[in-house]
1. With a 1.4 Å probe and all protein chains left in place, how much accessible area per residue does the stretch 170-328 have, in Å²?
2. At a temperature of 20 °C and a viscosity of 1.002 mPa s, determine how fast the chain diffuses translationally according to Stokes-Einstein, using the Kirkwood radius over alpha-carbon pairs as Rh; express D in µm²/s, rounded to the nearest whole number.
3. Using a 1.4 angstrom probe on the protein heavy atoms only, line up 60, 72 by accessible area, largest first.
4. Considering only protein heavy atoms and a 1.4 Å probe, what is the carbon-and-sulfur percentage of the accessible area of the chain?
5. Sequence gap at least 6, Cα distance under 8 Å: using those rules, report the relative contact order of the chain to the nearest whole percent.
6. Using Cα centres only, tell me the gap between the stretch 145-167 and the stretch 89-136 in whole Å.
7. Sorted by average packing, counted as other Cβ atoms within 10 angstrom per residue and highest first, what order do 158-170, 20-32 take?
8. Compute the semi-axes of the equivalent ellipsoid of the stretch 212-281, taking the square root of 5 times each eigenvalue of the Cα gyration tensor, and list them largest first in whole Å.
Amino acid sequence: MDEKLAKSAGSSDQAIVFQLLETYCAEKGLRLTAGDPYGHAGLIEGPSGEKRFFKGCRFDINSYGAAEIAKDKAYACRFLERAGLATPASLFVPAESFGAGAELSVDVHRFADATGYPVFVKPNEGQEGRDVVKAATSGELLTALQELSTRHPALLVQEAVPGTDLRVLVLDGEILLAFERFKPAVTGDGSRSVADLINDQTKLDKSDPRIPVELAQQGLTLDTVPEIGQTASLLPVCNLSSGGTAHLITNSLTPELVSTALRAAEALHLRYAGIDLIVPDEHSGDKAAVVLEINAAPGLSNLHRQGQVEAEAATSTYRKVFEAMLTF
């Protein structure tokens, strides 16, 4: 799930990752060459000519095969389950099975009925929460499959696991960083409509077609005036790149969550990974956290922009990754 390397909020137009790499390489006496004016890709050379490439947040640290498995959600779930980790129930759906006028297949009907609505529909190799749709009815499920099949070769229909959304970053068997993620949302003031409140959201794509659907599933519309303190979620995903927010929890992870994150990275043979976990609402000693996805190139640019504390945490995390990658 590699994020777009948006430009820094500061005076430079270069990607945040490149700016941090530039500082690190200058300190360590390493040569850094940008692949473009914005630093979206580049080459780092060591004192004896050793080379390490990067593109976006994809560093020379994980093996290519392991990163490809992590990118493919269906394969990743299979190997995570093989390692004894809990994952959401999922059904792989080739896009070719949803041409014009296609209806839900027997397999899809059975899966949704067994899992219960709502369910999620997502690209099998999507990133940053783009094109992830929550379907509350069979009609919404059919519409989502029909629309997404025109843009993606393969889809997943997946169980919706209600609970707390966490991202945990792992490097070489250690926890680097962890934060809880929250959906983009508005809070009512008793006078303005949802549409007016959305105008205050600077990181949200206000034209996202999922917003009216998400609101409708809460019995709301863009014209609704929420009561004072009433919260309305705007999207079905918590990704920071989609306007979500984060709260750092690195020092408060339970031993069980630490173990789950480390086992998930190990199961896919990833040195560096972002592990997305759902801690179910009914979490108890016998209800394990669910591994939602694994990102072999987790980006922290959006976390970096959230505030000073988050920027310091992201910078510290990246420096540890650079050190692991650039040990020549």
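The values are calculated or read from the model by the stated rules, or taken from the named source; none is laboratory data. Please read all numbers here as calculations on a predicted model, not as lab measurements. Ideal geometry is used to build each Cβ from the backbone, glycine not excepted, and the neighbour counts take in all protein chains shown. To get the accessible areas, we keep the full protein, side chains included, count just its heavy atoms, and leave off ligands, DNA and RNA. Shrake-Rupley method; radii C 1.70, N 1.55, O 1.52, S 1.80 Å.
1. 45
2. Approximately 102 µm²/s, per Stokes-Einstein.
3. Details: 60 75, 72 20 Å².
The ordering from most to least exposed comes out as 60, 72.
4. 50
5. 22
6. The stretch 145-167 and the stretch 89-136 have Cα centres spaced 7 Å from each other.
7. On the way: 158-170: 20.5, 20-32: 15.5.
The densest-packed peptide leads the list: 158-170, 20-32.
8. With the √(5λ) rule applied to the stretch 212-281, the semi-axes are 34, 14, 11 Å.
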